[in-house]
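The values are calculated or read from the model by the stated rules, or taken from the named source; none is laboratory data. Keep in mind that what you see is a predicted model, and the values were worked out from it rather than measured. As a convention, Cβ positions derive from the backbone with ideal geometry for all residues, glycine included, and neighbour counts pool all protein chains shown. Each accessible area value is taken on the protein alone, full model and side chains, heavy atoms only, with ligands, DNA and RNA left out. Shrake-Rupley method; radii C 1.70, N 1.55, O 1.52, S 1.80 Å.
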Amino acid sequence: MRDAVRETIRRHRSAHRPAAVAAAVGVAAALGAIVLSGPWDAGQREAERVRAVAAAGTPTGSRDTGTTGDRSGGSGPGEEPVAAPSAGPVLDPLGPRVIDFLPGTEPTPADRDRGVAGNPAPIDPASVLDPLLDDPALGTAPAATVIDLADGRPLYARNGDRSMAPASTVKAATAAAALHTLGPDHRLTTRVVLDPDRERVILVGGGDTGLTHRELGRLAARTAEALGTRGIGAVGVGWDPGPGGAPSHHSIGVNHNIAPFTPLMVNGGRLDDSTTGPAPRSADPAADAAGAFVRLLKEEGVEVRGSSAAPRAVPGKAEELAVHRSAPLSVLIEEMLTESDNDMAEALARAVGEARGHGDGRGGAARG
């Protein structure tokens, strides 16, 4: 029965006039949050495309462009970051590609111009959704609400008036708060500073939970270059997780969907080669990131004193050696919402709490 329902959905997906189906009330807010990141054209931010064109021809020393898999490039101290090239479209424009539950759906003149047929067999939403919601994997009391965004009419409800613990719908509110508080061009920075008294470099996290190994390698290369200009060939290495301090588990505990939170991590603390989605996570992502940074420094010819990095506070007289800036916040939010990235959502929520003066921990995120 379930396979037949899914086949019905697939068969009708491309043949009906625009309608909006929300499996949860938060979907409408999610669309609004995405729109806040800039004007959209065929699923792609128009502003990002304009910036990408403007960035073409910029010196590669100030920006890495066109590299598959890179969200951004780094820049050295004092360099002004250039906007990242736009990613490909990830959202189709709203159009006749969703189920129309409304009865009597004759094609409109605009539909006919686009070659869209009417719905000769209107679908009863209960006949589609009830079998899916009866799946035991959803628990004993799943809830769903379907509304028509054109006029707000309820089309289907199951436990629609029951208070439920929010899940990924909270990311919509987080996205809106981050855009409003930090701005769409805000970037998260991962820094390397030098403690000149001890000739120790310190890797400092800035909340970029999607920092990749490749980006960390470029940061190590720029650090080695900066040390070379100062005539320093051997250093100790420390790490400062940044705002928020030591790693802390989410209240759901150990989970493949989110790492213990710390502003310093690589690939969301994943222990495999994946960059998105569920995966085994490190128990201490900041320490692992620092260990990787030590290995990369050695590959760049820097002699590292001691066997490993250790947690160190950044001294007041620290000198900045190298900086990696993330993609603009508008891009990070697109990725967060598209991939349902829990690590980035947690980082942005804490950044909002800190920016609003509520502190940089979980309490600040909740109040932000």
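Any residue in the stretch 158-180 that is under 16 Å from P328 (Cα atoms) sitting within a Cβ distance under 8 Å of a residue that is small (G, A, S) and open to solvent by 50 Å² or more (accessible area, probe 1.4 Å)? List the pairs, counting only those 6 or more apart or interchain.
As it stands, the answer is A176/A29, since those pairs meet every condition given.
Suppose we keep only residues that are acidic (D, E) and touching a residue at least 60 places away in the same chain (Cβ under 8 Å) within the stretch 181-213. Which one would you say is nearest to S330 (Cα to Cα)? Working first, answer last.
Taking the stretch 181-213 and keeping what is acidic (D, E), we get 185, 195, 197, 199, 208.
From what is left, the residues that are touching a residue at least 60 places away in the same chain (Cβ under 8 Å) are 185, 195, 197, 208.
On the way: D185: 7, D195: 34, D197: 39, D208: 14 Å.
This residue is D185.
Being part of a helix (DSSP H, G or I) and small (G, A, S) is the filter here; which residues of the stretch 134-153 pass it?
Pass one, the stretch 134-153, residues part of a helix (DSSP H, G or I): 136-138.
Residue satisfying the conditions is A137 alone.
Just name the residue that is modelled with the highest pLDDT out of those in the stretch 137-155 that are aliphatic (A, V, I, L, M) and over 17 Å from S127 (Cα atoms). Working first, answer last.
Quick first cut of the stretch 137-155, residues aliphatic (A, V, I, L, M) only: 137-138, 141, 143-144, 146-147, 149-150, 155.
This time we only want the ones that are over 17 Å from S127 (Cα atoms), so: 137-138, 141, 149-150.
Values: A137: 84, L138: 84, A141: 87, L149: 79, A150: 81.
The selected residue is A141.
Can we say G268 is within 14 Å of the chain's Cα centre (by Cα), modelled with pLDDT under 90, under 19 Å from H213 (Cα atoms) and open to solvent by less than 60 Å² (accessible area, probe 1.4 Å)?
Numbers: within 14 Å of the chain's Cα centre (by Cα): yes; modelled with pLDDT under 90: no; under 19 Å from H213 (Cα atoms): yes; open to solvent by less than 60 Å² (accessible area, probe 1.4 Å): yes.
Judged against the criteria, G268 is not a match.
Looking only at the stretch 281-319, count how many residues are within 26 Å of the chain's Cα centre (by Cα) and open to solvent by 60 Å² or more (accessible area, probe 1.4 Å).
Step one: of the stretch 281-319, the residues within 26 Å of the chain's Cα centre (by Cα) are 281-293, 296.
Pick out the ones that are also open to solvent by 60 Å² or more (accessible area, probe 1.4 Å) and you get 283, 288.
Total satisfying the criteria: 2.
Which of (1) open to solvent by 20 Å² or more (accessible area, probe 1.4 Å); (2) out of contact with any Phe, Trp or Tyr (no Cβ under 9 Å at 6 or more places or on another chain) does L188 not meet, given it meets every other one?
(1)
Suppose we filter the stretch 133-152 for residues that are touching a Pro at 6+ places or on another chain (Cβ under 9 Å) and touching a residue at least 12 places away in the same chain (Cβ under 8 Å); how many remain?
First, the residues of the stretch 133-152 that are touching a Pro at 6+ places or on another chain (Cβ under 9 Å): 133-135, 145-148, 150.
Adding the requirement that they be touching a residue at least 12 places away in the same chain (Cβ under 8 Å) leaves 133, 135, 145-148, 150.
Looking only at that region, the number is 7.
Could you say whether any residue in the stretch 324-332 is over 14 Å from the mean Cα position of the chain (by Cα), at negative phi and either not charged (D, E, K, R) or not in a loop (DSSP other than H, G, I, E, B) (or both)?
First, the residues of the stretch 324-332 that are over 14 Å from the mean Cα position of the chain (by Cα): 324-325.
Subset that is at negative phi: 324-325.
Going one step further and asking which of them are either not charged (D, E, K, R) or not in a loop (DSSP other than H, G, I, E, B) (or both), we end up with 324-325.
Yes, the stretch 324-332 has at least one match.
Considering the stretch 210-231 alone, what residues qualify as being open to solvent by less than 40 Å² (accessible area, probe 1.4 Å), touching a strand residue (DSSP E or B) at 6+ places or on another chain (Cβ under 8 Å) and either among the polar types (S, T, N, Q) or more than 26 Å from D272 (Cβ to Cβ) (or both)?
T223, A226, L227
What number of residues in the stretch 154-189 are within 18 Å of the chain's Cα centre (by Cα) and part of a strand (DSSP E or B)? Working first, answer last.
Restricting attention to the stretch 154-189, the residues satisfying the condition of being within 18 Å of the chain's Cα centre (by Cα) are 167-189.
Those left that are additionally part of a strand (DSSP E or B): 189.
Final tally of qualifying residues: 1.
Any residue at all in the stretch 291-311 that's more than 21 Å from V193 (Cβ to Cβ) and not in a helix (DSSP H, G or I)? Before the answer, list the steps.
Taking the stretch 291-311 as the starting set, the residues that turn out to be more than 21 Å from V193 (Cβ to Cβ) are 307.
When the remaining residues are screened for being not in a helix (DSSP H, G or I), the result is 307.
Yes - at least one qualifying residue is present in the stretch 291-311.
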